[in-house]
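Colleague: To start, I am sharing the structure in question, which I have written as structure tokens.
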Amino acid sequence: MNYRLSHIAGIINAEAIIVNDAVVDHLLLDSRKIYSAATSLFFALKGQRRDGHQFIPELYEKNIRNFVVSEKIDTTKYPEANFLFADDTLKALQQLAAYHRKQFNSLSRPGGIPVIGITGSNGKTIVKEWLYHLLHEDYNIVRSPKSYNSQIGVPLSVWQMSEQHTLAILEAGISQQGEMGRLQSIIQPTIGILTNIGEAHSEGFIDQEHKFREKLALFKNCAVVIGKEFDFENRKEFIELLGEDIKVLTWGFSKQNEFIVRAVEKKDSTTDITLIHHSGEKKITIPFTDDASIENAITCFCVLLYLSIDDAVIRDRMKKLQPVNMRLEMKNGINNCVIINDSYSADLSSLEIALNFLDQQSGVSKKTIILSDFLQSGLPDEELYDHILSSLKKHNVSRLIGIGERISGNLQSLSGKQNQELSAELFVSTEDFIKQFRSSHFKEEIILVKGARLFAFEQIVQLLEQKAHQTILEINLNAIVHNLKEYQKLLMPATKVMAMVKAFAYGSGGAEIAGILQYYKVDYLGVAYADEGVELRKAGISLPIMVMNPEESTFESIIEHNLEPEIYSFDILNSFDAFLQREGLRQYPVHIEVETGMNRLGFETGKIKELAEYLQKANTLKVQTVFTHLAASEDPQQDPFTFIQRDKFISAAIQLEKGIGYSVTKHLGNSAAIVRYPELQMDMVRLGIGLYGIDSTQSERLNLQAVASLKSTIAQLKYLKAGESVSYNRKSIVEKDSVIATIRIGYADGYPRRLGNGVGKIWVKEKLAPVIGAVCMDMTMINVTGIPDVQEGDEVIIFGKELPVQQIAEWAETIPYEIMTGISQRVKRVYFEE
């Protein structure tokens, strides 16, 4: 379907200035994600921190010519641009998506193509992905990418619908009253699915009934709604609001359900489920035993029965269900490569998401993608693979390894169309690739591994992955972004953010964390030493970087890599000034630290006049910022001292600016001060430990997520008799027959020795197991007596969501900073984005 700008202007009721009535294929919301400038339409959305209008100059420079705006624009600055003026750009985006959705009401079959709308508190994405895998052989399916279920994500999901699709599966998530009505008008589902109504995402609702009523709004005008009996129980008055024509088909154990659950029989690794439907018994087996998976599988079972899928086909497909991996994993690979593992699906929507993630990684110029056949796309193969090649080129992929008969055949025929910068290597099967695999063929590149499940690309990931021992530190990049936004909610729109990535980003990995922060447009980065900044520059980080502890021996590196030193004393000032004069440099950016009570580094307030006179005369230096460190901003008992520091700093900053004759950026607020002292935001704040999920104020104002999870595995189980000892020096004697697990982590990995002999605990099978005996260099023993089903090879959690690092620090009588920064570099970091 071709939409010209003049047509879109009518749909969204916009006034238009159209120079060229272009055709629009792509809706653009993010200035970092431009793939087809000529056919993209940018919606200048306004958020809490960012206003899309401010990116119009940048986008115009990148050849974007089509804009939907809600502010006055000086169009003379953009002579080739087309502008659609709407009252509300988000509403305009939703109106366009709703119109697009309506075009499918008369396609393919009477009443249009079926559209499944899914909502609930939990399980939406899993049910959506399972339905896709269960039905993609019967339908050409368009579905929400990952968790695109918001006021912005749903319009983008619906925009994907095209003539070749015969089924849509879309999910909708809400956080407050009134949102579902807008999503319903966009999705316009014909089949509704309610996964469940639980406690998740309850903050914006009065109670559970209020949330149920709001979610039910998605199902207005549906032909049928399918869900669990419990979720509809005693809510008849709400259901009646939907209208008499809507059938509500529930599943459960009681006989009044449309789908009666006769039996759920859990076995070692599978579960047998028996339903009664239309007086007939239906039985399936699924490869899961947890309750959540069983509920999600029953919901999918009911949908397939409603769609009249053959019983034998259902049985065969249900037993092949696999866990839904909703995250992209990034790992260190062989020969200094980086591996992005997305070996779970192959379709155009998820390919675009994976390529976006690839773009977020800085510093690696060579991009390789290993790609399988794309199955059931609905497009002719030549058109499909031409589209894929076009996407790879737009994302600057330099090497394609295609695996599968279809991709191999079609790329052979398209070889004449390939850009010379994109090379292709083709294999008919995964086995063929593995037979010819040579590790030397992969070096210093970032490799995206993406394929349909049946190609078993996990075998390829194992070949490419750097071998390391089984203790890993998982870093959730989504959590970094989430925590950044949580703090930004507390900031004034004009307040800048300096993100602290010193000490290897608090143990999480400096370059990787800096890359994601750069992508999300923080203003500054802060490091402790010059070598940390140099590593970030080598990794492709272009943000301004402040070095907090510059040394004279590193001045050359600082200049070479465009780092900005903190100047905290006259000695370092004189030395750096002299160095700049020798190099013939002028107006080099520096940062001035003022000592107000931390008594660590900084100019005394009594020396600021002298400092200003020096700087005013020195044409080698340009002050970028002036700042101080708060000593106890997290402690209410120290508030009087914090206010003394504030007053000293403000006075010193005013004196400095007056003396040098120009204004500079001022900052003193750290993570704790952002929460406790909004009046101290000034021009910029420094966000440190809070970015990594730790609120040192212990307030309830922030919904922070754990960024790092330290995990290991059980190497061996020992079955000891009463009286036997564990570890060095025999300080731990078991008082009764016990089961002792040896796990693959020790003090050389960063697990503190002081957690030995019962002080520390480790999370095993949803239970806390105490450390027994002394912590060894490479191993730690824990007492797992009484914890059921513990096996050698089982994963254990040292700290993470289940066992917060704050608790580990409390047991070790230290602070979370020390625990996090102490994780050894021999512990493999695995980065993922959900």
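Colleague: Between K767 and H482, how high is the FRET efficiency from 1/(1 + (r/R0)^6) when r is the Cβ-Cβ distance and R₀ = 35 Å? Nearest 0.05.
Modeller: The value I calculate is 0.80.
Colleague: Apply 1/(1 + (r/R0)^6) to the Cβ-Cβ distance of R582 and T814, taking R0 = 56 Å, and write down the FRET efficiency to the nearest 0.05.
Modeller: 0.80
Colleague: Can you compute the modelled spin-label distance between R4 and R406, with each label point 7 Å from Cα toward Cβ, in nm?
Modeller: Label-label distance for R4 and R406, simple model: 3.5 nm.
Colleague: Once phi is turned into θ = phi - 60°, what whole-Hz ³J(HN,Hα) does the Karplus curve with 6.51, -1.76 and 1.60 give for every residue of region 263-280, x standing for Gly and Pro?
Modeller: Each residue's phi maps through the Karplus curve to give 7, 10, 10, 7, 10, 4, 9, 9, 9, 8, 10, 10, 10, 10, 9, 6, 6, x Hz.
Colleague: Here is a follow-up. Modelling each spin label as a point 7 Å along the Cα-to-Cβ direction, I'd like the K102/A292 distance in nm, to one decimal.
Modeller: Calculated label separation equals 3.9 nm.
Colleague: A further question on this structure: If H395, H278, H26 are ordered by their accessible area, calculated over protein heavy atoms with a 1.4 Å probe, which sequence runs from highest to lowest?
Modeller: So, going from the largest accessible area down, we get H278, H26, H395.
Colleague: Please compute, over every Cα-Cα pair in the chain, the percentage with a separation greater than 49 angstrom.
Modeller: Looking at the chain, the distances longer than 49 Å represent 26 percent of pairs.
Colleague: How much length would be gained if the chain were fully extended between E163 and Q624, taking 0.36 nm per residue of separation minus their Cα-Cα distance, in nm to one decimal?
Modeller: Gain on stretching E163 to Q624: 160.4 nm.
Colleague: In straight Cα distance, which lysines are under 24 Å from K72, not counting same-chain residues fewer than 8 positions off?
Modeller: K46, K62, K91
Colleague: So what does log10 I(q)/I(0) come out to for region 690-780 at q = 0.16, 0.24 Å⁻¹, using the Debye formula with one equal point on every Cα and no solvent?
Modeller: Evaluating at q = 0.16, 0.24 Å⁻¹ gives log10 I(q)/I(0) of -0.73, -1.26.
Colleague: Separate question: Mind checking which helices in the chain clear 27 Å along their axis (Cα) and have mean Kyte-Doolittle hydropathy of 0.0 or more, DSSP H runs only?
Modeller: 639-660
Colleague: Okay, moving on. Determine the gain in length on full extension of the stretch S423-D571; use 0.36 nm per residue of separation and subtract their C-alpha separation, reporting nm with one decimal.
Modeller: Residue separation times 0.36 nm, minus the Cα-Cα distance, leaves 47.8 nm.
Colleague: Peptides 296-304, 266-274: what's the order by average Cβ count within 10 Å, highest mean first?
Modeller: My ranking of the peptides, most packed first, is 296-304, 266-274.
Colleague: Cut-off under 12 Å on the C-alpha distance; same-chain residues fewer than 8 positions from K282 excluded. Which aspartates and glutamates are left, in chain and number order?
Modeller: Output for K282: D272, D310, D311.
Colleague: Throw me the Rg/Rh for region 310-361, computed over C-alpha atoms with Kirkwood Rh, two decimals.
Modeller: 1.16
Colleague: Keeping all protein chains in place, calculate the accessible area per residue for the chain (probe 1.4 angstrom), answer in Å².
Modeller: Values: 36200 Å² over 834 residues.
It amounts to 43 Å² per residue over the chain.
Colleague: Order these peptides, 728-735, 492-499, by their mean beta-carbon neighbour count within 10 angstrom, highest first.
Modeller: Highest to lowest by the protection proxy: 492-499, 728-735.
Colleague: Determine, for each peptide in 819-826, 806-813, 775-782, the mean count of other beta carbons within 10 angstrom over its residues, then list the peptides with the highest first.
Modeller: 775-782, 819-826, 806-813
Colleague: Continuing with the same structure: Cut-off under 16 Å on the C-alpha distance; same-chain residues fewer than 8 positions from K767 excluded. Which lysines are left, in chain and number order?
Modeller: Hits, sequence-local ones excluded: K711, K801.
Colleague: Still on this structure, please answer the following. Rounded to the nearest 5, what is the percent of antiparallel bridges among the DSSP beta bridges in region 651-797? Numbers along the way, then the final one.
Modeller: Details: 21 of 22 bridges.
About 95 percent, rounded to the nearest 5.
Colleague: Here's a follow-up. Can you give the FRET efficiency to the nearest 0.05 for K496 and E604, using r as the Cβ-Cβ distance and R₀ = 25 Å?
Modeller: For K496 and E604, the calculated efficiency is 0.40.
Colleague: What does DSSP give for the chain in terms of the percent of beta bridges that are antiparallel, rounded to the nearest 5?
Modeller: Details: 54 of 136 bridges.
So the antiparallel bridges amount to about 40 percent of the total.
Colleague: May I ask you to give the percent of accessible area on the chain that is carbon plus sulfur, with a probe radius of 1.4 Å?
Modeller: On the chain, the fraction of accessible area on carbon and sulfur atoms equals 47 percent.
The values are calculated or read from the model by the stated rules, or taken from the named source; none is laboratory data. Please read these numbers as outputs of a predicted model, since none were measured by experiment. Backbone-built Cβ (ideal geometry, glycine too); neighbour counts: all protein chains shown. Just the protein is used for accessible areas: all its heavy atoms, side chains included, with ligands, DNA and RNA removed. Shrake-Rupley method; radii C 1.70, N 1.55, O 1.52, S 1.80 Å.
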